[in-house]
Amino acid sequence: MDFHKSRLLTWVSLAMIVVGAVGSVLFVGWLLGEGGRRTSVVLIVCPFILLIGLLGLVTTVVPLRFRVDDYGIRVRNRRERVDLPGTVPWQAFEAITLEHKPDEQDKDPYVVVWPRDPIPGLPQDRAIRRGHAAGFPVVQVGDLVESADHVAQALRHYAGPLFRDERRPVPNG
């Protein structure tokens, strides 16, 4: 089952670029024209909106491929610096979890792989350590079109007893 990268940030970034560009042109026109007249704060903020939109668009260009099937898991996620060398079989893992990073409890959960032995393509500096075990966040569910429940269902189906859903409800406030 292939999972797809969410394009919501792309569309929001494009909208911000359009609004920011139009507002920036109006702002420059105001500066070059009659600068003595009052202007709207929105026009002054527009160049910043344009810059934020451009930065958002750059982050959406980063490639993401996430696939799970009967044979194993395949991930290529430049944002998390994960590039597994082809499909890694389920037997190579102690567990596959869906959980929040310890320092990001208020964000979307991650798919975390817990390999039995070192696997090339997993960034050692991003490991989650629990005793002697090391887990590697490979994809944040919020970066996917599919919901966390859909990802959990697919992992439960394909990974079987290796999969553990360790999401916790996010506390309010």
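Couple of notes before you dig in:
- Percent of Cα pairs exceeding the 31 Å cut-off, where the set is the chain: 32 percent
- Solvent-accessible heavy-atom area per residue, rounded to whole Å², over the chain at 1.4 Å: 60 Å²
- Degrees, to the nearest 10: 8-32 long Cα axis against longest axis of the chain: 20 degrees
- Report summary: the helix-based calculation at 222 nm, which adds -39500 (n - 2.57) for every DSSP H run with n ≥ 4 and divides by the residues of the chain, gives -11500 deg cm²/dmol.
- The chain, relative contact order in percent, only Cα pairs under 8 angstrom and at least six apart counted: 22 percent
- Size of electric dipole in the stretch 63-163: Cβ of Lys, Arg +1 and of Asp, Glu -1, about Cα centre, debye, nearest 20: 280 debye
- Taking the longest Cα principal axis of the chain as reference, the axis of helix 41-60 is set at about 30 degrees.
- For the chain, carbon and sulfur atoms together expose 61% of the accessible surface, with a 1.4 angstrom probe and every protein chain in place.
- The stretch 88-171: C-alpha gyration tensor shape, a/c 1.5 cut-off, then a/b vs b/c: oblate
The values are calculated or read from the model by the stated rules, or taken from the named source; none is laboratory data. None of the values given here were measured: they were computed from a predicted structure. Here Cβ is always computed from backbone atoms with ideal geometry, including for glycine, and neighbour counts include all displayed protein chains. Just so you know, the surface numbers come from the protein's heavy atoms only, side chains and all, with ligands and any DNA or RNA stripped out. Shrake-Rupley method; radii C 1.70, N 1.55, O 1.52, S 1.80 Å.
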